[in-house]
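J.: Dropping the structure in here first, questions after.
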2 protein chains.
Amino acid sequence: MKLATYKDGSRDGQLLVVSRDLATAHYASGVAGTLQQVLEDWNFLSPQLQDLYDALNQGRARHAFPFEPARCMAPLPRAYQWVQAAAFMSHAELLLRAGGAELPAAPDTAPLMHQGCSDDFCGPCDDVTLASEDAGIDFDAQLAVVSADLPMGCTPEQALEGIRLVMLANELTLRHVATQEAARGSGLVHSKPATAFSPVAVTLDELGSAWQQGRVHLTLQSTWNNRKVGLCDAGAEMSFHFGQLIAHLCKTRKLRAGSVIGSGTVSNRGQESQGQMQWPKGYNCIAEKRAMETLQDGQAATDFMKFGDTIRIEMKDPQGGALFGAIAQTIQPVPAPVSARKSSLATESL
Amino acid sequence: MKLATYKDGSRDGQLLVVSRDLATAHYASGVAGTLQQVLEDWNFLSPQLQDLYDALNQGRARHAFPFEPARCMAPLPRAYQWVQAAAFMSHAELLLRAGGAELPAAPDTAPLMHQGCSDDFCGPCDDVTLASEDAGIDFDAQLAVVSADLPMGCTPEQALEGIRLVMLANELTLRHVATQEAARGSGLVHSKPATAFSPVAVTLDELGSAWQQGRVHLTLQSTWNNRKVGLCDAGAEMSFHFGQLIAHLCKTRKLRAGSVIGSGTVSNRGQESQGQMQWPKGYNCIAEKRAMETLQDGQAATDFMKFGDTIRIEMKDPQGGALFGAIAQTIQPVPAPVSARKSSLATESL
């Protein structure tokens with residue numbers, strides 16, 4: 001089934017069931033008010049949501065209405081945990097190579113991970129507001145899963161059983177700030193503003209045969225300023241699948257229902273052609289494009305995002321149908337304080 | 001006022017108001033069920049809790065009962081954000097010096113910070129269960145505050161106005177794992193099991209004149225295996241006060257009510273005496289003790305915690321009275337699975 005959360009002025013919003021084709025929706029209020037509530041009582045509540053979903057798809061739901069992604073918060077508008085992994089090792093390798101660093105002799109046997117802020121996620125169509133456009137604003141298109149309760153020391157196989165929902169995420173990153181934070185030995189705190197998620201979160205059965213052992217074998221598509229820049233396969237090259245990511249996280253502690261785990265940038269390896277590296281599938285973050293340029297031409301030519309730039313992230317099902325809906329955001333400056341706006345209006349009216 | 005949360009089988013527990021002397025308590029159910037609920041509607045709900053608190057202190061509360069810290073969850077049993085700062089620079093400097101590293105030429109102008117896991121905090125008297133005692137198990141005694149909603153770009157002064165509650169925290173750390181994670185460039189994910197908090201969280205007025213501009217001028221006391229090892233002043237040497245920590249966090253995004261911010265190890269600088277460094281106030285984490293030994297004797301002699309070890313962390317008011325109650329934890333191995341225990345019982349009964 002497909003679930004979304006409409007804005008209603010509250011911090012957790014109002015849970016919706018959305019039809020498979022994302023055309024219509026129905027409030028889930030007869031079953032549960034919020035997605036977190038469902039995740040905490042999944043076995044009891046999710047069959048009731050499934051019944052509503054079936055009725056909605058068959059046109060039998062009595063109070064269905066057209067689904068509007070612009071009214072969505074993140075499916076889980078806030079979470080008790082958000083962990084960003086680096087599950088696609090080709091991403092890190094590309095950036096290391098472009099930076100002139102040596103690649104490790106043996107590939108990593110454990111994924112890199114960072115906790116992120118989860119008190120206030122962005123809705124799929126919410127603008128990104130930032131104080132400055134000089135911080136190296138980058139999108140970062142990836143997949144994310146929402147977990148059930150899992151015990152400390154769980155295996156990757158047990159962890160796979162504990163995946164409830166899949167979403168798309170745009171883990172917006174301020175690259176220049178991230179570089180500074182990493183150099184200082186700090187966590188990635190202010191280089192990671194709020195992350196945005198797709199309009200709907202879907203259960204694994206919605207992915208059909210594209211879901212195989214913790215990987216989603218479909219194409220993740222990034223469109224920057226109306227230009228398709230990334231069409232990467234999100235499955236085959238995922239170095240650590242979602243069960244492995246979660247098991248790693250559970251090594252020293254348990255995980256509670258509603259934790260969100262991101263794959264990190266979905267990235268495909270370059271191919272050598274006529275003595276030069278090529279990346280025919282493009283990129284899901286600008287840092288990768290800049291690394292490609294550095295390796296090809298000796299320097300990065302593409303600048304980061306500026307105010308007014310747009311980013312659209314989506315993934316279609318094998319028939320080309322809508323799956324998660326699209327993340328579609330615009331980068332905006334922080335609005336001037338009301339007092340400043342008032343005085344500028346006053347000046348204009350003179 | 002003083003607030004606590006009793007275990008009741010739910011994830012968020014049951015909110016209590018606790019008397020100033022921590023002798024009695026009263027369910028807050030007439031006002032709010034959970035502390036998160038109060039934090040989200042502070043201006044409306046906190047005066048009602050204050051009335052109950054006043055009645056409780058005056059012996060007028062009708063259904064008061066003896067307060068038992070062992071029945072407590074963390075005051076906020078889970079949170080949407082938990083950030084560990086390093087606000088006492090003498091802590092980092094001591095560890096750097098012992099590691100033979102150069103200190104930075106100029107002191108840092110911004111605090112180091114990491115996001116931590118907040119989906120399942122430990123209660124003050126909950127055992128710490130770990131799979132292995134070889135990971136360099138360390139306590140880490142510190143202060144933590146709980147925030148209101150704060151806007152992006154808020155000043156340290158605005159941030160101070162947004163501090164609702166203060167608690168003690170034991171941010172348990174697996175030092176050997178942390179070293180590995182830092183060397184790999186990973187976040188501190190599995191080196192940081194669940195953090196424990198004091199039985200009660202207190203409003204700033206409870207600290208009286210000990211609360212000055214974002215610092216708590218009282219002594220934090222750590223007792224390891226019944227031996228007092230740390231009696232450090234938590235105020236004067238705090239390099240970044242809590243308002244500065246929160247303002248740093250809000251640099252690129254807003255902060256939502258119920259976010260928890262930790263000071264990092266409360267640490268006091270060493271003093272030179274007869275040509276040797278001395279740390280008369282002791283230590284609030286074992287890593288510091290080992291660093292002191294390395295600087296004094298060339299090598300660390302004190303080992304990290306083992307199964308069965310206890311740690312007690314508390315802070316008394318200037319009159320020696322209880323302030324937050326004590327964190328009192330024992331390190332325990334993960335219990336054997338039920339099947340293994342059954343077969344061992346079967347063997348025993350033969």
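J.: So B:VAL145 passes all but one of these: (1) within 14 Å of another protein chain (Cβ to nearest Cβ); (2) surrounded by 19 or more Cβ atoms within 10 Å (Cβ to Cβ). Which condition number does it fail?
T.: Only one criterion is unmet by B:VAL145, namely (1).
J.: Next up: A:PRO151 is checked against (1) without any contact (Cβ under 8 Å) to a residue 60 or more places away in the chain; (2) within 13 Å of chain B (Cβ to nearest Cβ) and fails just one. What number does that condition carry?
T.: The one condition A:PRO151 does not meet is (1).
J.: On to the next question. Checking the structure you have, find out if any residue of region B:199-213 is closer than 28 Å to B:THR34 by Cβ, out of contact with any strand residue (DSSP E or B) (no Cβ under 8 Å at 6 or more places or on another chain), of a type in the set (A, V, I, L, M) and more than 14 Å from chain A (Cβ to nearest Cβ).
T.: Looking through region B:199-213, none of the residues is closer than 28 Å to B:THR34 by Cβ, out of contact with any strand residue (DSSP E or B) (no Cβ under 8 Å at 6 or more places or on another chain), of a type in the set (A, V, I, L, M) and more than 14 Å from chain A (Cβ to nearest Cβ).
J.: Within region B:264-297, count every residue that is in contact (Cβ under 8 Å) with a residue 24 or more places away in the chain, out of contact with any helix residue (DSSP H, G or I) (no Cβ under 7 Å at 6 or more places or on another chain) and of a type in the set (Ser, Thr, Tyr).
T.: 0
J.: Just one of (1) open to solvent by less than 30 Å² (accessible area, probe 1.4 Å); (2) modelled with pLDDT under 95; (3) at positive phi trips up B:GLY187, so point out which.
T.: (3)
Yes/no matrix, rows are residues, columns are (1) at pLDDT below 95; (2) among the charged types (D, E, K, R):
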position: A:THR219; (1), (2): no, no
position: A:ASP233; (1), (2): no, yes
position: A:MET238; (1), (2): no, no
position: A:GLN276; (1), (2): yes, no
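J.: Looking only at residues in region A:169-184 that are open to solvent by less than 40 Å² (accessible area, probe 1.4 Å) and small (Gly, Ala, Ser), which one is nearest to A:VAL17 (Cα to Cα)?
T.: My answer is A:ALA169.
J.: Still on this model: Can you pull out the residues in region A:263-279 that are more than 15 Å from the chain's Cα centre (by Cα) and farther than 15 Å from A:LEU218 by Cα?
T.: A:ARG269, A:GLY270, A:GLN271, A:GLU272, A:SER273, A:GLN274, A:GLY275, A:GLN276, A:MET277, A:GLN278, A:TRP279
J.: Check region A:122-141 and report whether any residue there is in a loop (DSSP other than H, G, I, E, B), over 21 Å from the mean Cα position of the chain (by Cα) and surrounded by 20 or more Cβ atoms within 10 Å (Cβ to Cβ). Before you say what the answer is, go through the steps one by one.
T.: Our first condition is that a residue be in a loop (DSSP other than H, G, I, E, B); within region A:122-141, this holds for A:123-127, A:131-136, A:139-140.
Restricting the remaining residues to those that are over 21 Å from the mean Cα position of the chain (by Cα) gives A:131-134.
Filter once more, so that each one left must be surrounded by 20 or more Cβ atoms within 10 Å (Cβ to Cβ): none.
Checking region A:122-141: not a single residue is in a loop (DSSP other than H, G, I, E, B), over 21 Å from the mean Cα position of the chain (by Cα) and surrounded by 20 or more Cβ atoms within 10 Å (Cβ to Cβ).
J.: Show me the helices (runs of 4 or more DSSP H) entirely contained within region B:1-105 in which 2 or more residues are open to solvent by 50 Å² or more (accessible area, probe 1.4 Å) and within 18 Å of B:VAL200 (Cα to Cα).
T.: The qualifying helices (runs of 4 or more DSSP H) are B:42-57.
J.: Please verify whether region B:171-193 includes one or more residues that are of a type in the set (Asp, Glu) and more than 30 Å from B:PRO47 (Cα to Cα).
T.: Residues of region B:171-193 that are of a type in the set (Asp, Glu), as a first pass: B:171, B:181.
Now restrict to residues that are more than 30 Å from B:PRO47 (Cα to Cα): B:171, B:181.
Yes, that holds for at least one residue.
J.: Continuing with this model, one more query. How about region B:190-222: which of its residues are polar (S, T, N, Q), open to solvent by 20 Å² or more (accessible area, probe 1.4 Å) and outside any helix (DSSP H, G or I)?
T.: Once the filter is applied, which keeps residues that are polar (S, T, N, Q), open to solvent by 20 Å² or more (accessible area, probe 1.4 Å) and outside any helix (DSSP H, G or I), region B:190-222 yields B:GLN212, B:GLN213, B:THR219, B:GLN221.
J.: Test A:CYS117 against the criterion of being in a loop (DSSP other than H, G, I, E, B) and touching a Cys at 6+ places or on another chain (Cβ under 9 Å), and give yes or no.
T.: The answer is no for A:CYS117.
J.: Quick check on my filter: what residues within region B:280-309 are of a type outside the set (Phe, Trp, Tyr) and under 14 Å from B:GLN221 (Cα atoms)?
T.: Filtering region B:280-309 for residues of a type outside the set (Phe, Trp, Tyr) gives B:280-282, B:284-303, B:305-306, B:308-309.
Listed by number, the residues that qualify are B:PRO280, B:LYS281, B:GLY282, B:ASN284, B:CYS285, B:ILE286.
J.: Any chance region B:154-165 includes a residue that's at the interface with chain A (Cβ under 9 Å from one of its Cβ atoms) and either of a type in the set (A, V, I, L, M) or free of Cβ contacts under 8 Å to residues at least 24 places away in the same chain (or both)?
T.: no
J.: Please state which one of B:GLY235, B:GLY230 is under 23 Å from B:ALA322 (Cβ atoms) and without any contact (Cβ under 8 Å) to a residue 60 or more places away in the chain.
T.: Values: B:GLY230 fails: without any contact (Cβ under 8 Å) to a residue 60 or more places away in the chain.
The unique qualifying residue is B:GLY235.
J.: Looking at region A:80-93, is at least one residue more than 22 Å from B:HIS114 (Cβ to Cβ) and of a type in the set (Asp, Glu)?
T.: yes
J.: Hey, among B:LEU112, B:LEU160, B:LEU150, which residue is within 21 Å of the chain's Cα centre (by Cα), farther than 22 Å from B:GLY13 by Cα, open to solvent by 10 Å² or more (accessible area, probe 1.4 Å) and at pLDDT 95 or above?
T.: One residue alone meets the criteria, B:LEU160.
The values are calculated or read from the model by the stated rules, or taken from the named source; none is laboratory data. This is a predicted model, so every value here is computed, not measured. Counting neighbours? That spans all protein chains shown, and the Cβs are built from the backbone with ideal geometry, glycine included. Heavy atoms of the whole protein, side chains included, go into the accessibility calculation; ligands, DNA and RNA do not. Shrake-Rupley method; radii C 1.70, N 1.55, O 1.52, S 1.80 Å.
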